[in-house]
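As structure tokens, the structure follows; a few thoughts come after it.
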Amino acid sequence: MRGYLLRRLPSALLVLLGASFLIFAILRLVPGDPATSLAGPDADAATVAAIRERLGLDAPLLSQYAHWLGSLLTGDLGPSYAIGGQTSDLIGDGLGATAELTLAALLLVIALGTAFGMLGATSPRRWVRTSIRVVTTAALAVPPFVSGVLLVLLFAVVLGVLPPGGRVPFLTAPDLAAQYLLLPALCLALPSAAVLGRYLKDGIERALAEDCIRTATAAGVTPRRLLWRHALPNALPPVVTLLGMQTGHLLGGAVLVEAIFAWPGLGQLAEQGLTRRDYPVVQDLLLLLVAVFVLVQLLTDLVYAWLDPRIRWE
Amino acid sequence: MTELHPSTSTGPTRRTTLRAAGGGALLLGLGLTGCRSAVSESSSEPKGAGAAPKRGGVLSVAINSDFTPGLLFAQSGQSYQHRLIYNTLTRYDDRLSPQPELATSWTYAKDGRSITLRLRDDVTFHNGRTFTADDVVFAVKNLQNPVRAAQLRSTAAAITGFEKRGEHELVLKLAHPVNNLFDLFEFMIITDPDTIEDALTGKKLNGTGPFALKKWSPGSGLSLTRNDRYWQPGRPYLDGVELRVIPQADALVSSLRSGQSQLSFNVPGKSLGTVKNDPRLTITDYDTGSGASYIGVNTAVAPLNDRTVRQAIAWAVDRDRILAQALGGYGLASAAPWPKSSPAFSEAHRTHYTHDAGKARELLRSAGHRTLELPLLHLALPGDTAIAEALQYDLKQVGIHVTLQPTDPATGQKKLISQDMPALWTMGHGFSQVQPSTLAVSAYPFNEAKNTSKYRSAEYTEVVREAWTKRESSAAEANALHEKISGILLDEAFIIDLVVRGQIQVAADGLHGVTLNKFSYLNLDNAYLA
């Protein structure tokens, strides 16, 4: 496993370096800059020039890029241009909120996806299987900005049992935090849970149709043991890869869901940073997201290799 | 007989399903009912409702963009916290007459070259330090720094000397008379010089206002707590204020409708219909006229260098339809930039151009054109896009085919400042809600020396400078100058005003005593939840 990991690391680092260059270049190609954003619509050229000088935006681009890479290596990300405060604090706060939301959504994806998959594949009742098919189709078809609004209308405005938005950090007050977390996490989780459920259902059905399962059934192995010890393990490896990919989707989807539920995470920070051309915040944030994707992919491959030894021997 | 082939399914048994369901219900129940309810926790009304002012409660204000420390000294779309944490020297009443705040009285020199301010001597900052004349000197010098991007910098820069007469009396000396000094006094927040750097990073906002900063959580908003040493006895009534960032319009409306927030000024026009139908919410339209929608015309682009063509555009647009469809009916359809509360307002100017497609076509023909193809830049935001589409339709009716150029706000702003706009653009401007001269010296689109329309005229420069620097001896003289400015703006049509907008307040029924100053700084000195 260690050798496998070492073989994968250089390419991951190369991806990060390439991404840093692309992020820097693309941001500079986009018209508008932090100085004009800060100066406001009624500013004159002298004001803009003074702000640009203060932010160091008058330096050559290559030196700005080198300065950024240096700040990444030293860990001192510097101040945000437009939002205010230290970039590392802003990203740290947002990361905590997004991680909380993504993790809760991931747990829901696993719980709901497993339930959808197992019941869909094995329930003896036709109405259960049909209901799951309808629910997963709806969850896939309805985009989060629609399901989010519907969830808010039902649970916050009509029933008034859950808050429509906002966040209480989980470590501050877990009971309140769970209530703030439930709707956004559910909204974020539903499409991925549906995908996972359908994939798992197909996997279990395929596994249950294998000759070895029939042999085991004939030998008197109990249905529960057949499912948990034989069918499920065979269906899992591709599902784990899918779950890794869905984690990426969850992170991406969180951007939209955070806006609907006023969840102060990285999505909101990215939107705010981009709107104001806050280069330090946007650059560091995008690179962090690339790093998370790379890491998730790496972890997925490691888990896959652990589940299927043939992979790590290749 | 032993059963070899299972007759039951391989799926979970009824017992395990029920167990799982029960466990799930238990978890959900714990979250929803077993502990505190997040819904009732966020309800901040004090116990015991009544009509008289009540002490207590935390007011939750829904805002659509976060506080930006870098814009602390500029007016931005989010200046609500300015008057909560800080005070200003004076404030205008509804008739634009200055009223005391940290300055108790003032005397203008006869030549208009200096003003003597007497200041309150019972005011302390949140950290306990006493407010003195030095803080006013710092505040003025601070706004003179271009890095602060204060829109009223030109007025602050006219103050060239300070003479302290004790700790609470100060003479401000002016390079030349300016007639919008009280705009500056209402705009300029009084900050603590020692903590200015912390203020600009949002760490510490030390003011003299009714509320002190508890915490700024970027992306979430500001949490403020009552200043027990506030100089107004018995005020504020509220224990605290939460400014909560809710960027998405539907979420913001849901927050108000579910009672999670009790106040907002950021409900977009199209959502006001929903709000109007909710009996628990009240809409108030402030006639501050702090914003206006307009068409900007690049006078360097042919054939828009011809005034007749610009006037044709001004006749072609249906301002009432834009008001009804894009702005929810709140605002004032007007060809001139002034709100009703402005001394420059006149009904004749407001209706100088009305919707008259026939007249627009006639003017175009007289200028030698039957059809025109022009680009129209607009900000890619829902409200701005709706206005741009309405303009596109109106102009098409008279033969002007415009191609929409949706642009993100940062790019739009850069193009505006660098005079890089296409033939036509539509945006918003401010600064017509205070002294009329401020519009032409502080709002870039109208600036006499340099504006995005690239419009220059000696007559305009002369009248603007005169209106700004001359102390009028009478109301009639002032009116004559306002009349001249309006006349040039309407005749030359390099900025074609569409709708003058105030602030639309949506508040829960139990909230009373909320006011805004002319720069949309929220004043909650007398606010209470009943």
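Coordinate-derived values only; no laboratory data. On a predicted model such as this, the values are computed, not experimentally measured, just so you know. Counting neighbours? That spans all protein chains shown, and the Cβs are built from the backbone with ideal geometry, glycine included.
Within the option set A:G96, A:G78, A:G18, being within 25 Å of A:V168 (Cα to Cα) and surrounded by fewer than 18 Cβ atoms within 10 Å (Cβ to Cβ) holds for one residue only, A:G96.
What do you reckon, is B:D194 away from every other protein chain (no Cβ under 11 Å) and more than 23 Å from the chain's Cα centre (by Cα)? Taking the combined requirement at face value, the residue satisfies it.
Within the range B:106-136, the residues that satisfy the criterion of being among the hydrophobic types (A, V, I, L, M, F, W, C) and crowded, with 17+ Cβ neighbours inside 10 Å are B:W106, B:I115, B:L117, B:L119, B:V123, B:F125, B:F131, B:A133, B:V136. Is there a residue in the range B:163-172 that is touching a residue at least 40 places away in the same chain (Cβ under 8 Å), closer than 30 Å to B:V464 by Cβ and crowded, with 21+ Cβ neighbours inside 10 Å? Within the range B:163-172 (the criterion being touching a residue at least 40 places away in the same chain (Cβ under 8 Å), closer than 30 Å to B:V464 by Cβ and crowded, with 21+ Cβ neighbours inside 10 Å), the answer is yes, since at least one residue qualifies.
Listed by position, the helices (runs of 4 or more DSSP H) inside the range B:262-352 whose residues that are under 30 Å from B:E362 (Cα atoms) number at least 1 are B:307-316, B:319-326, B:347-350.
Restricting B:M421, B:M427 to residues that are surrounded by 20 or more Cβ atoms within 10 Å (Cβ to Cβ), more than 7 Å from every other protein chain (Cβ to nearest Cβ), under 21 Å from A:R276 (Cα atoms) and within 18 Å of the chain's Cα centre (by Cα) narrows the list to B:M427. Among the residues examined, A:T241 does not qualify as hydroxyl-bearing (S, T, Y), closer than 24 Å to A:L90 by Cβ, away from chain B (no Cβ under 13 Å) and part of a helix (DSSP H, G or I).
Considering only residues of the range B:148-191 that are among the acidic types (D, E) and in contact with a helix residue (DSSP H, G or I) (Cβ under 7 Å, 6 or more places away or on another chain), which is farthest from B:W468 (Cα to Cα)? Ranking the qualifying residues of the range B:148-191, first place goes to B:E167. For B:L243, the conditions (1) outside any strand (DSSP E or B); (2) of a type in the set (A, V, I, L, M, F, W, C); (3) within 14 Å of another protein chain (Cβ to nearest Cβ) are fulfilled apart from (1).
Pick from the range A:51-105 the residues that are under 30 Å from the mean Cα position of the chain (by Cα) and more than 19 Å from A:L285 (Cα to Cα): which of them is nearest to the other protein chains (Cβ to nearest Cβ)? Going through the qualifying residues, I end up with A:A104.
Listed conditions (1) within 14 Å of chain A (Cβ to nearest Cβ); (2) closer than 30 Å to B:F162 by Cα; (3) surrounded by 24 or more Cβ atoms within 10 Å (Cβ to Cβ) are all met by B:S255, apart from (2). Candidates are the residues of the range A:246-302 that are buried (at least 22 other Cβ atoms within 10 Å of the Cβ) and of a type in the set (F, W, Y); the one that is nearest to the chain's Cα centre (by Cα) is A:W263. If you go through the range A:109-118 and keep only what is surrounded by 21 or more Cβ atoms within 10 Å (Cβ to Cβ) and within 14 Å of chain B (Cβ to nearest Cβ), you end up with A:L112, A:F116, A:G117, A:M118.
Restricted to the range A:193-204, and to residues that are within 14 Å of A:V135 (Cβ to Cβ) and small (G, A, S), which residue is surrounded by the fewest Cβ atoms within 10 Å (Cβ to Cβ)? If we take residues in the range A:193-204 being within 14 Å of A:V135 (Cβ to Cβ) and small (G, A, S), then A:A194 is surrounded by the fewest Cβ atoms within 10 Å (Cβ to Cβ).
Residues that are crowded, with 19+ Cβ neighbours inside 10 Å, among the β-branched types (V, I, T) and within 14 Å of chain B (Cβ to nearest Cβ) within the range A:119-148 comprise A:T122, A:I132, listed in sequence order. Does the range A:255-271 contain at least one residue that is in a loop (DSSP other than H, G, I, E, B), in contact with a Pro (Cβ under 9 Å, 6 or more places away or on another chain), away from every other protein chain (no Cβ under 14 Å) and over 21 Å from A:L119 (Cβ atoms)? So far as the range A:255-271 goes, no, none of its residues is in a loop (DSSP other than H, G, I, E, B), in contact with a Pro (Cβ under 9 Å, 6 or more places away or on another chain), away from every other protein chain (no Cβ under 14 Å) and over 21 Å from A:L119 (Cβ atoms).
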